[in-house]
Every structure is written in structure tokens, then in C-alpha cells.
Amino acid sequence: MVEKNSPVRLRPAPVDPAQISQGLPGLLERTDIQVEEIPNFLKILAKAPAAALVYMRVDGTLAAGQLTERQREQIALTVAEINGSNYCLQAHSVIGSNAGLTENEIQLARRAGATDAKTNQILHFTQAVVLQRGDVSDEDLRALRQAGISDAEVVEILANIALNIFTNYLNILSRTEVDFPVVVRSDREGRATS
């Protein structure tokens with residue numbers, strides 16, 4: 001029971017480092033995620049071990065799918081930009097860079113674009129799915145098919161979008177403190193915003 005005058009924390013917060021041994025390390029051991037220091041996002045996710053396990057299993061499974069690591073990071077950047085998730089935008093800029101994306105490719109992905117035609121179409125489709133809540137046009141699908149995207153890849157794109165929407169929303173709701181280098185968010189036309 002909360003006392004009348006005691007402050008109530010409204011937003012989920014990272015677990016206390018002393019409590020991490022109760023959930024997150026065990027979950028990390030059951031996945032392929034390798035981290036030196038547990039990011040704030042995972043510390044918040046550790047509050048709900050079932051959700052953390054789902055996230056880590058889905059992420060690990062999708063990593064072994066047909067989309068490349070670079071494409072998955074580009075999808076994550078597109079979704080984070082659309083949803084305005086500064087934490088995810090910054091995290092995936094760093095992770096994308098580690099996956100071999102150049103700064104130009106990161107900036108293009110934030111605007112749903114890519115230098116190669118196939119990934120460019122994947123990101124245009126990602127943008128359409130997120131903005132139209134899945135109700136994409138036949139033209140959107142036709143453009144995907146013309147780029148050589150298979151049914152399996154379409155489903156994987158959707159799974160990656162869903163996973164990223166979950167993490168975006170969790171970090172927006174929690175106002176997760178950024179523990180990655182700061183990235184300036186751009187508007188939809190590519191201009192820097194604060």
C-alpha cells in the first residue's frame with residue numbers, strides 16, 4: 001500500500017543492479033545477446049522477465065532469418081524515426097554502425113531510404129506499414145515483388161517492425177535514459193531537429 005504523501009513512480013524504471021541477478025542475466029544466458037554492460041532498455045525490460053524472454057527469443061530468431069543484420073538495423077532506424085523513439089534511434093545508430101552501416105546509410109534509413117534497390121524498397125514498405133498500420137496498397141506490395149522480395153521476407157519485415165514498435169513504445173513510455181552516444185533526430189524531410 002502506498003502512503004498518501006509518498007511519491008508514486010508512474011513510469012517503468014530500470015531494475016536496481018542488485019536485482020538484475022534475479023532475472024536478466026539468466027535470460028541473457030539463454031540467448032545469443034552479448035553485452036559488456038546491460039543497456040538501460042534491458043534493465044527496464046527485466047522488470048517483466050516474460051516480456052524480456054519474448055523480446056530476446058524473437059530478436060535472436062529473427063537474426064537467423066533471411067534479412068541481413070544491416071537490413072534489420074535499417075528497418076529499426078526507419079521505425080524509430082517514424083515513432084520518435086530517441087532511445088531506439090540512438091541505440092540502432094550505434095548498433096547499425098557496428099553492423100557496417102555508414103553514417104550516410106544510417107541517415108538514409110532514418111528517412112526510409114537505402115543505397116541498394118532491394119533494401120530501399122524494404123524501407124519504403126516499412127514506412128508504409130508503420131504509417132498505414134499495415135493497410136498497405138497493392139502498389140506497395142507490387143513494388144516489393146518487383147524488387148525480388150519473397151513471402152518469407154515480407155513476413156520477416158513485419159516481424160521486425162512489430163519488435164521495433166514494441167521497443168520504441170516501451171522506451172517512449174518509460175522515458176528511458178539514453179546510454180548510447182547522442183544522435184540528432186531529423187524530421188521527415190531530413191532536417192535536424194532537437
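The values are calculated or read from the model by the stated rules, or taken from the named source; none is laboratory data. Keep in mind that this is a model prediction, so the values were computed, not measured. Because the Cβ atoms are built from the backbone with ideal geometry, glycine has one as well, and the counts that use them run over all protein chains shown.
A few comments on the model shown:
Conditions (1) within 30 Å of Ala46 (Cβ to Cβ); (2) more than 15 Å from the chain's Cα centre (by Cα); (3) in a helix (DSSP H, G or I), marked per residue:
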residue	(1), (2), (3)
Gln121	no, yes, yes
Gly148	no, yes, no
Ile161	yes, no, yes
Phe166	yes, no, yes
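- Scanning the range 77-121 for residues that are in contact (Cβ under 8 Å) with a residue 40 or more places away in the chain, buried (at least 24 other Cβ atoms within 10 Å of the Cβ) and aliphatic (A, V, I, L, M) returns Val79, Ala80, Leu89, Ala91.
- Checked against (1) at pLDDT 95 or above; (2) over 12 Å from the mean Cα position of the chain (by Cα), Val178 passes all but a single condition, namely (1).
- From Ile157, Ile95, Ile149, residue being modelled with pLDDT under 95, at negative phi and hydrophobic (A, V, I, L, M, F, W, C): Ile95
- The range 125-147, residues that are surrounded by 14 or more Cβ atoms within 10 Å (Cβ to Cβ) and under 19 Å from Asn168 (Cβ atoms): Phe125, Thr126, Gln127, Ala128, Val129, Val130
- Residues (in a helix (DSSP H, G or I), farther than 21 Å from Ser174 by Cα and of a type in the set (Gly, Ala, Ser)) located in the range 87-119: Gly96, Ser97, Ala109, Ala117
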